[in-house]
Every structure is written in structure tokens, then in C-alpha cells.
Amino acid sequence: MKFLLTTLKIVYILDPDLVPLEEPQDTDSDELKAERKKRNDDSLLCRGYILNSLSDRLYDLYSQLATPTEIWTSLENQYKSEKQGADKFVTFQFFEFNMTDKRSILDQVHEFLILASKFTALKITLPDAFLVGAIIAKLPPSWNNYRKKLLHTSEEFTLN
């Protein structure tokens, strides 16, 4: 949405530091009148584009808000708090992840690495040595002897 609004050159409407224009007066210059009209038109367009991109359920909820800035701020607050909850869930999934004998080890390692890659989006960097150790620790019970062998070797392992 922000990309679209930027392309249309109306994203400035969402800037919290945008200085509001003064109330119309009879002595306003033509330039000020044109600026006021452009801003009102851009605000209407911005509001319309944001509302148009929402699902019907969300449209009904957010169409009551008067300005695009109110809609944008409300949406950001709603989805940032949901994202924070999801971020905590990713951490929980990472620590609770266990491999089983019922599925291919490579598929499970791949699934684990996808889960670990979600930390990048959270700006958390996990060293490869940590991930290798986590994979070894999460091997299924039938791999116990192999896990012990890997843990007692002096060889450095990579994710590959």
C-alpha cells in the first residue's frame, strides 16, 4: 500500500509531521487555494485507496474513520501488536521444535531452517554453529548414537 501511495505521490498525506493548512479566508492567495484543494483531493484519494485495499470486514470497521492518517495509524497499531505476538510465537516454535522418526530427516531440517530464518525478520542473528547444534540436539530418538558421535567429534560442522 505504501508503495502504491508513493507511486501516486500522495503518501505525504500519511506523514505525522505534515503541517496542517490554515482555515480558508477571503484573503487567501490563489496559490494557497490551489495547495488546499490539492491536499484535500490527495487526502480523499489516499483514504479511498487504503479503504479499497481492505477486506469487506475491515472496510466496515475502518470506513468510520474520517482521515487517511487515522485509518493508517489504527491499522499500524493493530497489526504491529499482532506481529509482536506472532514474533513471540516464532521463538516458542523454535524451542519446542522436535524431529520425529515418522518423517524424512532432511524435510524436518529444512522445516527447522525455515523457522530459524524467521529470526532474520526479527533482526535476530543466530550463528551457524548455534543452528548446527540445535539441529543435532533435535534429532529424533532413533538417531541418539549418531547424535552422541557428532557431539563428541572435534570437527566443525556447517549448515550444509
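The values are calculated or read from the model by the stated rules, or taken from the named source; none is laboratory data. These numbers come from a predicted model, not from an experiment. Cβ atoms come from the backbone with ideal geometry, glycine included; neighbour counts cover every protein chain shown.
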**OP:** Determine, yes or no, whether residue 47 is surrounded by fewer than 10 Cβ atoms within 10 Å (Cβ to Cβ) and assigned to a helix (DSSP H, G or I).
**Re:** no
**OP:** Could you figure out which of (1) surrounded by 11 or more Cβ atoms within 10 Å (Cβ to Cβ); (2) without any contact (Cβ under 8 Å) to a residue 24 or more places away in the chain; (3) more than 30 Å from residue 141 (Cα to Cα) isn't true of residue 31?
**Re:** (1)
**OP:** Output the qualifying pairs, or none if there are none: Cβ atoms under 6 angstrom, residues six or more apart or on different chains, first residue in the range 68-89 and modelled with pLDDT under 80, second residue outside any helix (DSSP H, G or I) and surrounded by 11 or more Cβ atoms within 10 Å (Cβ to Cβ).
**Re:** 87/122
Subject >> Residue check for residue 120: under 23 Å from the mean Cα position of the chain (by Cα) and either of a type in the set (S, T, N, Q) or within 30 Å of residue 45 (Cβ to Cβ) (or both) >> reply: yes
Subject >> the range 102-120 residues that are assigned to a helix (DSSP H, G or I), paired with ones that are modelled with pLDDT under 90 and of a type in the set (S, T, N, Q) (beta carbon under 6 Å, 6 or more apart) >> reply: 115/93
